[in-house]
Amino acid sequence: MEKVTDALKKAAIGGEKKEKPKKEKKGPAADAGDAGPLELNPPPSFINDRVELFDKLYKEQQEELAKKPRTEILITMPDGTVKTGKAYETTPGEIAKSISNSLYKRAVVARLDGDKEQLWDLDRPLERSCKLEILDFNDEQGKFVFWHSSAHILGEACERRFGCSLCIGPPVDSGFYYEMALPGGAAVQPSDWAPLENIVGKIVKEKQPFQRLEMTKDDLLKMFSYNPYKQHIIKDKIPDGTKTTVYRNGPLIDLCRGPHVPHTSRIEAFAVMKNSSSYFLGDANNDTLQRIYGVSFPDKKQMAAHKKFLEEAAKRDHRLIGKQQELFYFEECSPGSTMWLPHGMRIHNAIMEYIKEEYWQRGYDEVMTPNMFNTSLWEQSGHLAHYKEDMFILDVDKEQFGLKPMNCPAHAMMFRHRERSHKELPLRLADFGVLHRNEASGALSGMTRVRRFQQDDAHIFCREDQIKEEVADLFDFMRSFYGMLGLTFKLKLSTRPDKYMGEIETWDRAEARLKEALDDFASSQGGVAWELNAGDGAFYGPKIDVAVLDCLNRSWQCATIQLDFQQPINFSLEYQTAEVVKASDAKPAPAPAPEPAAEAASDEHKDQKDHKDGKKKPLLVKKPLAPGCARPVMIHRAMAGSIERFTAILCEHFAGKWPLWLSPRQVIVIPVGMGFLDYAKEVAQILRKERFHVDVDSTGNTLQKKIRNGQLAQYNFIFVVGDDEKKNRKVNIRYRDDTSTQARDVPVPLDEAVEKLKKLKSDRGMYNPFPPSKEETTKA
Ligand SMILES: [Zn+2]
Ligand SMILES: [Zn+2]
């Protein structure tokens, strides 16, 4: 007995150990043989010409700077302390050092006056009094400067190895890349990675300082005469007669606005991650270029953690799990459109079922609307003007139709198809309709970027004074939905941008209500603090961005809350206010929603003019509000967003270990021998009746092998049945998520097991319904 138990224990936790041995990492030396000499010798001639011009101009610049008056300046630190310094002499780096050496070593760049546009090199002298922040790698901007500086180092290594013409080298979300043209149109090979890392190692050791130099456009054209891409960028981006900057580190001089880390030794850990080809300026008509992606960190520990994270993320890749678990796949003849297999559809339906239950509780009404509409609808909604590129347009009966990319216009039409009263508000129309968006084929990626999808989409039509309550309910919805799944989330309020439509008072009132709702939620139990993203709202209304964090702390955009003042005007939506219905009502009528008089009038005029010219008749003519009527506010909202994408996120979040209620494989019944197959089938039949996804293992495999297979397939529960179980109508239960149950031998009555599973499923819980008894725990 003891031995079997041990074997089962091993089988239970052995999943990770079975992995194939990792590919041995090739050291630089191993690669040098088939990758040619490490660096070009002699170096390309443009390097020397460039340095000569730089040295001459840099000397002149330093002489100019030396002449500047050293007036006293005041430097205010974030904690309020004020330091004195001298203009054109004191650097942020010196200030950091004066506080502590470790601060300076950690520091990446400085920010002046709290302005995201005013980043300043640590070694560049300050020119005036300012507020000063020292940013390190943990700061979002600091990290980008760090990665941007690393791109220069990669660029230097590439020039030294390939003699290439560099193009651009920006930081990106998880590192940076450099884009370049190799001589003769050659391509970068994976065998180049290690030699490049080797050269980078040398550059880091050399502790090359980043030197900043302002140059005229003419001098820049001279300096980069060897490089057609830099020439193009200089001619295109820099106005005649103006100056811009280059930065030098070692032999590399690059066109760049900066700033950078003080010197190359800050980049302690560096790795090339991948390479690919691209087009200059992203245009397929231009030259093909080579891109090399890298990532870097201030220390090796962080690099190791990053690589571990990538490994973990790769294991959780939903495309991989989708294949392993037979959830979905794609056919070449319909790119970006998921083929949902039976087991994938079980997950899809479980998500939908949950959302529909919530809709029932929260007073939503489900509707269904057409997949395609005449383009007159899309013209009315503004989609044709702003979104046509992303739509599929079809010719039908000599007219143009568009597949819907969103449900909003259809819901607006539904709202206006008859007169509406204030008593009907808020009206919450939910629609799981199929949407199509024409994503570029190159951008398609598993289920996270698709062309065909369904959303848990809904539009709430409400009075302005109902905004707060509606938004508060959405927060509550998120809290229960995401909370149940073990996802956390962050909220950001994006407010009125410079270019906006409607009246400023309406915006102010709406934003004030959103802030109240956000504050209330933040202070409630299980609430979440929020951030302000000033000026980042859409032109037609403020919005709340919701970033969902999965268990790897990766951020995903799922939920949306977007207020819309524009569509109600586009579709002339209105409702009878209380005032007209009952003139004596003391309650003041809600303020009407915005009406940009000039805009509406000119649109109306245009509609009529088009009509006179014999052009297509508009779908409807925008009209001013009828007496006693007001415009509703429209709230676009989704909790999961695209069900396809959400399934992909959950797949990676749970690493394919679905909680029972979502699981496509809930129970497998395993008979210890063929003599108990009948009882196993009977148990399965009972579970199936209770709507569980249950299978029976009727293979001739050994018990251990059968259990192992059940574990690999991620069944939530394995019911083992043998003689004792059959006689007493019991089952021996192993729960996937609790290894302490794996080797247990305490059968549970079948009826009790079924009831407990039913409860776990209806709770949508993630607990163990069969916890070890007190007796067992004390024994252990
Ligand atoms: Zn730069
Ligand atoms: Zn919408």
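Which of the chymotrypsin sites (Phe, Trp or Tyr not before Pro) found in the range 678-752 are in a DSSP loop and have at most 14 neighbouring Cβ atoms, other than their own, within 10 Å?
Sparse-neighbourhood loop chymotrypsin sites (Phe, Trp or Tyr not before Pro): none present.
Multiply the residue gap between Val367 and Leu221 by 0.36 nm, knock off their C-alpha separation, and tell me the result in nm, one decimal place.
46.4 nm
Rounded, prolate or oblate: which fits the range 326-378 when a ≥ b ≥ c are the square roots of the eigenvalues of the alpha-carbon gyration tensor, with rounded for a/c under 1.5 and prolate only if a/b beats b/c?
It is oblate, given that a/c is not under 1.5 and a/b is not larger than b/c.
Placing +1 on the Cβ of each Lys and Arg and -1 on the Cβ of each Asp and Glu in the chain, which of Tyr229, Ile635, Leu573 has its Cα farthest towards the positive end of the resulting dipole?
Result: Tyr229.
Using a simple charge model, +1 on the beta-carbon of Lys and Arg, -1 on the beta-carbon of Asp and Glu, nothing else, what dipole does the range 430-549 show about its Cα centre, in debye to the nearest 20?
620 debye
Shape of the range 657-779 from its Cα gyration tensor (a ≥ b ≥ c, root eigenvalues): rounded if a/c is under 1.5, otherwise prolate when a/b > b/c, or oblate?
rounded
Using Cα pairs under 8 angstrom and six or more residues apart, how large is the relative contact order of the range 657-779, in percent?
Relative contact order comes out at 26 percent.
Can you give the relative contact order of the chain as a percent, counting alpha carbon pairs under 8 Å and 6+ residues apart?
9 percent
Would you mind classifying the chain by shape? Square roots of the alpha carbon gyration tensor eigenvalues, ordered a ≥ b ≥ c; an a/c under 1.5 is rounded, otherwise it is prolate if a/b is larger than b/c and oblate if not.
The shape class here is oblate.
From the cross-link list Lys356/Lys398; Lys143/Lys356; Lys423/Lys543; Lys97/Lys515; Lys237/Lys490; Lys97/Lys274, which pairs have alpha carbons spaced over 32 Å apart?
Violating the 32 Å limit, Cα to Cα: Lys356/Lys398; Lys143/Lys356; Lys97/Lys515; Lys237/Lys490; Lys97/Lys274.
Taking the Cα centre of the chain as the origin and placing charges on Cβ (Lys, Arg +1; Asp, Glu -1), which of Gly502, Phe539, Pro342 is farthest toward the positive end of the dipole?
Of Gly502, Phe539, Pro342, it is Pro342.
Could you please report the charge total around Thr264, scoring K, R as +1 and D, E as -1 over all other residues with beta-carbon less than 9 angstrom from its beta-carbon?
Every neighbour counted, the sum reads +1.
For the range 39-172, would you read off the P(r) tail past 28 Å as a percentage of all alpha carbon pairs?
Of the Cα pairs, 34 percent sit more than 28 Å apart.
Based solely on its DSSP helices, what 222 nm [θ] is calculated for the chain when runs of n ≥ 4 H residues each add -39,500 (n - 2.57) and the sum is averaged over all residues, nearest 500 deg cm²/dmol?
Per the formula, -11500 deg cm²/dmol.
Using alpha carbons only, how many angstrom separate the centre of the range 344-380 from the centre of the range 469-523?
So the two Cα centres are separated by 22 Å.
May I ask you to derive the relative contact order of the range 346-455, considering only C-alpha pairs under 8 Å and at least 6 residues apart, and to give it as an integer percent?
Dividing the mean separation by the residue count of the range 346-455 yields 28 percent.
For the range 123-256, compute Rh as the Kirkwood radius over C-alpha pairs and then the Stokes-Einstein diffusion coefficient at 20 °C and 1.002 mPa s; write the answer in µm²/s, rounded to an integer.
Answer, rounded: 131 µm²/s.
Please sort 147-153, 507-513 by packing, taking for each peptide the average over its residues of neighbouring beta carbons within 10 angstrom, highest first.
147-153, 507-513
Which value, in debye to the nearest 20, gives the size of the charge dipole of the chain about its Cα centre, when Lys and Arg are +1 and Asp and Glu are -1 at the Cβ?
Roughly 1900 debye, rounded to the nearest 20.
Would you be so kind as to identify which of Phe432, Thr90, Val621 lies farthest towards the positive end of the dipole of the chain, taking Lys and Arg as +1 and Asp and Glu as -1 on Cβ and the Cα centre as origin?
Of Phe432, Thr90, Val621, it is Phe432.
A short reminder: the numbers here are calculations on the coordinates, not readings from a lab. Small disclaimer: the values here were computed from a predicted structure and weren't measured. For neighbour counting, all protein chains shown are included, and Cβ atoms are generated from backbone atoms with ideal geometry for every residue, glycine included.
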